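Heads up, the thing below is written out as structure tokens.
The values are calculated or read from the model by the stated rules, or taken from the named source; none is laboratory data. In this text the structure is predicted, and so the values were computed from the model without any measurement. Positions of Cβ are generated from backbone atoms using ideal geometry, with glycine treated the same way; all protein chains shown enter the neighbour counts.
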Amino acid sequence: MKALVDRLRAAGGSAGRSAGAGGGRDGGGGRGRTAGNQGGTTPLRWRPAWLVVLAALAALTVMSVPRDPVPVRAEVPPRAPSRMATESELLHRGPIVTTPQLASLSVVALAGGRLLAGWVGFPREAASDGEVTLSTFDARQWSVPRVVLRSAELARLTGNPLANIHGAVVHVDRSGFVHLFVASRILGELSWTGIEHLRSADGGQRFVHLQSLRLAPLLNGSHQVGAPGINLRGGGFVLPVHYDWGVRYGVLLSFDAKGRFLAQTRIDGPPRLADPWPVVHSEKLVEFYLREVSGDRRVWVGRLDRSEPARPLSWRQATPGLAALPSFDGTSWIARVPEQAPEQLVLQRVNALHQATETLLVAKGLQPGGFSDPRLAQTDDNRLHLLFLDRGQRIGHRVYRATGL
């Protein structure tokens with residue numbers, strides 16, 4: 001592994017020097033060949049043998065993930081109300097943002113109507129050195145955000161000088177420990193990410209590094225986080241992630257009550273689905289919504305116990321990310337950006353057949369694709385919270401309360 005990292009550093013340095021000598025982009029916008037190769041080393045991206053090796057590693061990773069269903073008894077969260085009315089936007093502003101670029105929003109409900117939100121911020125646009133920021137909502141306002149992990153600190157914890165934060169998700173287990181799962185690029189600028197697991201015993205004030213998750217043979221790549229975890233009645237929890245290099249598919253990670261990684265299994269569906277989002281209807285009925293990243297970009301639904309095969313729905317997504325919460329009678333609330341209205345973020349109530357029966361307009365932008373990463377959370381004061389990224393620069397927050405019976 002160290003030899004490979006050194007080789008990548010040499011290749012990257014050579015590419016940068018050659019570009020400065022007279023390369024760059026050609027007139028058509030593509031990347032042109034460099035005028036000279038001062039270091040005498042051909043950049044890694046031009047070696048066909050490396051592409052064959054990486055493709056073989058991706059195939060080996062796919063074949064190594066078991067497909068057997070996981071017998072779990074999920075802890076059922078509070079159900080969202082069937083009828084809702086929005087509270088004034090003036091009462092609820094999103095968390096304060098201190099960085100110009102945001103990504104990978106995550107939110108989890110706490111006791112007393114509170115929320116814990118986390119996101120990855122970048123100190124400048126097009127930067128790679130991300131930092132994880134947390135903020136809490138006390139049912140009235142958000143706390144001052146605090147940075148809990150920077151890329152330099154992650155590199156020190158993992159012993160990988162090339163590690164930088166690419167994505168993050170927070171989870172609170174039944175014992176009150178706050179878990180932070182960080183997707184970290186482990187080969188510099190290549191999209192080859194590993195997942196680091198950190199845990200906090202003081203509500204997210206200070207985190208300790210628990211483990212580096214070994215999810216694939218050899219180079220251990222490339223997995224992404226984003227969906228919330230599911231606590232189990234017998235202790236422990238599971239976390240949906242997805243493999244994201246060449247092919248894409250959902251993976252369910254299992255952890256015991258102490259946070260130790262136990263096993264992984266593949267979520268049902270074809271190898272082109274990403275962003276699995278769980279909906280816990282009952283202890284044994286857990287559904288996943290997944291986004292198709294190629295083809296017609298439809299949304300798929302599958303079951304954890306594989307009692308029914310995964311199937312595509314009629315919805316189509318305009319931007320990455322969707323969120324869902326269970327309601328009553330097998331219905332769900334879905335937050336997403338529909339393809340037919342890409343400038344809008346909507347909240348839809350769907351029945352057990354996954355047909356939309358009600359649509360609420362959450363926000364409407366001036367240009368398509370402005371909203372992303374919608375996140376839903378149901379608090380114990382019977383309010384539904386929707387957080388989302390607005391143009392990757394600020395966090396929106398909408399609050400809905402139950403109406404009627």
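Kindly indicate whether any position in segment 384-405 is farther than 19 Å from residue 107 by Cβ, surrounded by 19 or more Cβ atoms within 10 Å (Cβ to Cβ) and not polar (S, T, N, Q).
no
Out of the strands (runs of 3 or more DSSP E) lying entirely within segment 300-361, which hold 2 or more residues that are surrounded by fewer than 22 Cβ atoms within 10 Å (Cβ to Cβ) and modelled with pLDDT under 95?
Passing ranges, in order: 311-316, 344-350.
Answer with yes or no whether residue 260 is more than 19 Å from the chain's Cα centre (by Cα), under 17 Å from residue 73 (Cα atoms) and touching a residue at least 40 places away in the same chain (Cβ under 8 Å). First the steps, then the outcome.
Values: more than 19 Å from the chain's Cα centre (by Cα): yes; under 17 Å from residue 73 (Cα atoms): no; touching a residue at least 40 places away in the same chain (Cβ under 8 Å): yes.
Spelling it out, it is not the case that residue 260 is more than 19 Å from the chain's Cα centre (by Cα), under 17 Å from residue 73 (Cα atoms) and touching a residue at least 40 places away in the same chain (Cβ under 8 Å).
Which residues, taken from segment 282-298, are over 13 Å from residue 249 (Cα atoms) and either of a type in the set (Ser, Thr, Tyr) or free of Cβ contacts under 8 Å to residues at least 60 places away in the same chain (or both)?
282, 285, 287, 295, 296, 297, 298
Kindly check whether there is at least one residue in segment 364-377 that is of a type in the set (S, T, N, Q) and either in contact with a His (Cβ under 7 Å, 6 or more places away or on another chain) or surrounded by 18 or more Cβ atoms within 10 Å (Cβ to Cβ) (or both).
Taking every residue of segment 364-377 in turn, at least one turns out to be of a type in the set (S, T, N, Q) and either in contact with a His (Cβ under 7 Å, 6 or more places away or on another chain) or surrounded by 18 or more Cβ atoms within 10 Å (Cβ to Cβ) (or both).
Any idea which of 108, 144, 97, 132 is touching a Lys or Arg at 6+ places or on another chain (Cβ under 6 Å) and not charged (D, E, K, R)?
On the way: 108 fails: touching a Lys or Arg at 6+ places or on another chain (Cβ under 6 Å); 144 fails: touching a Lys or Arg at 6+ places or on another chain (Cβ under 6 Å); 132 fails: touching a Lys or Arg at 6+ places or on another chain (Cβ under 6 Å).
Just one listed residue meets the conditions, 97.
Considering segment 146-171 alone, what residues qualify as being in contact (Cβ under 8 Å) with a residue 12 or more places away in the chain, among the small types (Gly, Ala, Ser) and crowded, with 16+ Cβ neighbours inside 10 Å?
151, 163, 167, 168
Could you please find all residues in segment 208-235 being at pLDDT 95 or above and part of a loop (DSSP other than H, G, I, E, B)?
Within segment 208-235, 229 is the sole residue that qualifies.
List the pairs whose first member sits in segment 128-145 and is farther than 12 Å from residue 95 by Cβ and among the polar types (S, T, N, Q), whose second member is at pLDDT below 90 and surrounded by 14 or more Cβ atoms within 10 Å (Cβ to Cβ), and whose Cβ atoms are under 7 Å apart, counting only residues at least 6 apart or on separate chains?
Matching pairs, first to second residue: 128/164.
Restricting the search to segment 362-371, which residues are outside any loop (DSSP other than H, G, I, E, B) and of a type in the set (Gly, Ala, Ser)?
First, the residues of segment 362-371 that are outside any loop (DSSP other than H, G, I, E, B): 362-364, 371.
Result: 363, single match.
If I filter segment 109-125 for residues that are modelled with pLDDT under 95, surrounded by fewer than 22 Cβ atoms within 10 Å (Cβ to Cβ), touching a Ser or Thr at 6+ places or on another chain (Cβ under 7 Å) and on the phi > 0 side of the Ramachandran plot, do I get at least one hit?
yes
For segment 152-166, give me each residue that is part of a loop (DSSP other than H, G, I, E, B) and touching a helix residue (DSSP H, G or I) at 6+ places or on another chain (Cβ under 9 Å).
Of everything in segment 152-166, those that are part of a loop (DSSP other than H, G, I, E, B) and touching a helix residue (DSSP H, G or I) at 6+ places or on another chain (Cβ under 9 Å) turn out to be 160, 161, 162, 163.
Go through (1) under 15 Å from residue 164 (Cα atoms); (2) in a loop (DSSP other than H, G, I, E, B); (3) of a type outside the set (Lys, Arg) one by one and return the number of the condition residue 120 breaks.
In the conditions (1) under 15 Å from residue 164 (Cα atoms); (2) in a loop (DSSP other than H, G, I, E, B); (3) of a type outside the set (Lys, Arg), residue 120 misses (2) alone.
Can you tell me which residue is farthest from residue 130 (Cα to Cα) among those in segment 81-96 that are at pLDDT 85 or above and crowded, with 18+ Cβ neighbours inside 10 Å?
94
What are the residues in segment 124-151 that are more than 19 Å from residue 164 (Cβ to Cβ) and of a type in the set (Val, Ile, Thr), if any?
Residues satisfying the conditions are 136, 144.
In the list 323, 318, 356, which residue meets the criterion of being more than 21 Å from the chain's Cα centre (by Cα) and not charged (D, E, K, R)? Outline the logic, then answer.
Numbers: 323 fails: more than 21 Å from the chain's Cα centre (by Cα); 318 fails: more than 21 Å from the chain's Cα centre (by Cα).
Result: 356 is the single residue among 323, 318, 356 that is more than 21 Å from the chain's Cα centre (by Cα) and not charged (D, E, K, R).
Can you give me the number of residues within segment 130-147 that are in a loop (DSSP other than H, G, I, E, B), small (Gly, Ala, Ser) and within 19 Å of residue 103 (Cβ to Cβ)?
Residues of segment 130-147 in a loop (DSSP other than H, G, I, E, B): 130, 138-141, 143-145.
Checking the rest, the ones that are also small (Gly, Ala, Ser) come to 130, 139, 143.
Retained after the next criterion (residues that are within 19 Å of residue 103 (Cβ to Cβ)): 130.
Residues flagged as in a loop (DSSP other than H, G, I, E, B), small (Gly, Ala, Ser) and within 19 Å of residue 103 (Cβ to Cβ) within segment 130-147 amount to 1.
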